[in-house]
Amino acid sequence: MHNGILISLSGLDEVSYDRHRHIVKVGAGNRWTNVYNHLDPKGVAVLGSRDSDVGVSGFLLGGGISFLSNKYGWSSDNVVEYEIVLANGSIIKANKYQHVDLLGCLRGGSSNFGIVTSFTLKTYNINAHAAGVVRYAQSSVPQLFTPLYNYIMTGQDADPNYHIIPNFIKDAGQPHRATFTQFYTREVDLSNPPLVMKPFVDGSIPAYNNFVANLTGVGSLPKAFGGGSTLSSPFRSQWHVTSVLADEQLFRTIHSLWLNVSLPYETSIPGFSNSIAMQPIGNKYIQTTNATPGRNVLGITAPLVVISANIYWSNASDDTTMELFLKDLFTQIKAAAAAVGKAAGYEYLNYGGVNQNPISQYGHNNLVKLRWVKRKYDPRNVFGTLVEGGFKIPGI
């Protein structure tokens, strides 16, 4: 930033739990680790990030996928009130009783409307649960796609207590592998796990690590993923995202494309590390959206699978090369999906890359709504022209 003002919200770190109303007010300056530290001892949970180092504001303004989302939908649909400072300096609250138009646009519309100072979220009585990570070697990876497809098509709706993050990883000079993060909203008998969970934890697909256990405190797994701010990382990083409709053979094709396109960079780019995830968005997300006052603007009307890549490298001189790598990879992924009629188009904002604008993929009606509400609450487009960075509403 040049000749500008940086406004830090880190002092807005309130976490106030109301056990009678089953809500918690969370200041916008929090990271999720602070929220979990407050709520875990009380035996309640919110739909927060699956990595505790993530900031509250960006996560919720981008939609938010939580370990509890198969049961309760998008994290942003579980926000009952936003407190926001508008460009004219006024402070208002958006909830189901007032400014409902703005309420919906804040559920996925990012930082385009003002500075959100607090979020009031629903809480749920979830404490003891089963969670952890199962790691599979290269030889086991081909066996994962059939149970993954079955889970996406039927399992996540049949048993919404269960949530997985299917992630495939390739480090330079190492065999590729997979990590499937597991979460079940109550304790389970791990010798006889629930049917939906069974294929991934019962050993029928050989794993070299299985760290799934019964835990207390829903924040325990996100905090294990955190372990230090990404700001201190010595590596450079970038994301990119698209989405597809579920198809087992397409999953295999995407995995093969990812390996093949990545291969030349393993030896030419210092510090190169690469992962691709296949994250299902099921019917519960859509049902919650339809039932929630202040309908979100994400534009999803049918189940899909978010395909996201996260890469790391060492040197700033390779930034452009890495951006071109992601562009090439996702051009091929989109073409493969389109060839079998499985392209979906939606881009999850929280995984968006520097050369993407996920808001542009929310659909015509939602873009019309976003523009209308933007002109109502920020008529001079202060947060579009004077705030650098972030994804902007196209056509403003």
Checklist entry - Among 249-257, 198-206, 237-245, how do they line up from the highest to the lowest mean number of other beta-carbon atoms within 10 Å? => result 237-245, 249-257, 198-206
Checklist entry - If you wrap a convex hull around the C-alpha atoms of the range 125-217 and split its volume per residue, what is the figure in Å³? => result 95 Å³
Next on the checklist: What's the magnitude of the charge dipole for the chain around its Cα centre, counting Lys and Arg as +1 and Asp and Glu as -1 at the beta-carbon? Answer in Debye, nearest 20.
Outcome noted: 900 debye
Item to check | Within the range 328-392, chymotrypsin sites (Phe, Trp or Tyr not before Pro) in DSSP loop having at most 13 other beta-carbon neighbours inside 10 Å | outcome: none
Checklist outcome for this item: Quick calc, Ala339 & Asn283: beta-carbon distance into FRET formula, R0 25 Å, rounding 0.05, result 0.45
Next on the checklist: For the pair Asp171/Leu190, report the inter-label distance in nm, with labels modelled 7 Å from Cα in the Cβ direction.
Outcome noted: 2.3 nm
Item to check | Square roots of 5 times each gyration tensor eigenvalue, C-alpha, the chain, largest first, Å | outcome: 32, 26, 20
Checklist entry - Among 117-125, 171-179, 103-111, how do they line up from the highest to the lowest mean number of other beta-carbon atoms within 10 Å? => result 103-111, 117-125, 171-179
Checklist outcome for this item: Each label sits 7 Å from Cα toward the beta-carbon; between Asn125 and Glu248 the label points are separated, in nm, by 4.1 nm
Checklist entry - Mind listing the phi-derived Karplus ³J(HN,Hα) values for the range 17-22, rounded to whole Hz, using 6.51, -1.76 and 1.60 with θ = phi - 60°, and x for any glycine or proline? => result 9, 10, 6, 6, 9, 6
Item to check | Scaled radius of gyration (Cα, divided by 2.2 N^0.38 Å) that the range 303-396 gives | outcome: 1.30
Checklist entry - What GluC sites (Glu not before Pro) does the range 323-396 have in DSSP loop regions with at most 14 other beta carbons within 10 Å? => result Glu388
Checklist outcome for this item: Candidate cut points under trypsin sites (Lys or Arg not before Pro) in the range 305-396, DSSP loop plus at most 11 other Cβ atoms within 10 Å of their own Cβ, are Arg380
Checklist entry - If the label point is 7 Å along Cα→Cβ of Ser317, which residues in the range 244-279 have backbone nitrogen under 11 Å from it? => result 270
Next on the checklist: Using 10 Å bins from zero, what percent of all Cα-Cα pairs in the range 128-351 falls into each bin?
Outcome noted: 7, 30, 36, 22, 4, 0
Checklist entry - If you rank Val305, Val261, Val373 by fewest surrounding Cβ atoms within 10 Å, what's the result? => result Val261, Val373, Val305
Checklist entry - Where does the chain land at 222 nm, in deg cm²/dmol rounded to the nearest 500, when only DSSP H runs of n ≥ 4 count, each adding -39500 (n - 2.57), divided by all residues? => result -8000 deg cm²/dmol
Item to check | Distance in nm between pseudo-label sites at Asn209 and Asn88 (7 Å out along the Cβ direction from Cα) | outcome: 5.5 nm
Item to check | Only Lys, Arg (+1) and Asp, Glu (-1) charged, at Cβ; the range 1-122 dipole about Cα centre in debye | outcome: 320 debye
Checklist outcome for this item: the range 12-31 scanned against label point 7 Å out from Gln98 along Cα→C-beta; backbone N under 17 Å for none
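None of the figures in this text is laboratory data; all of them are computed from the coordinates on show. Quantities reported herein were computed from a predicted structural model and do not represent experimental measurements. Heads up, the Cβs are rebuilt from the backbone with ideal geometry, glycines too, and the neighbour counts pull from every protein chain shown.
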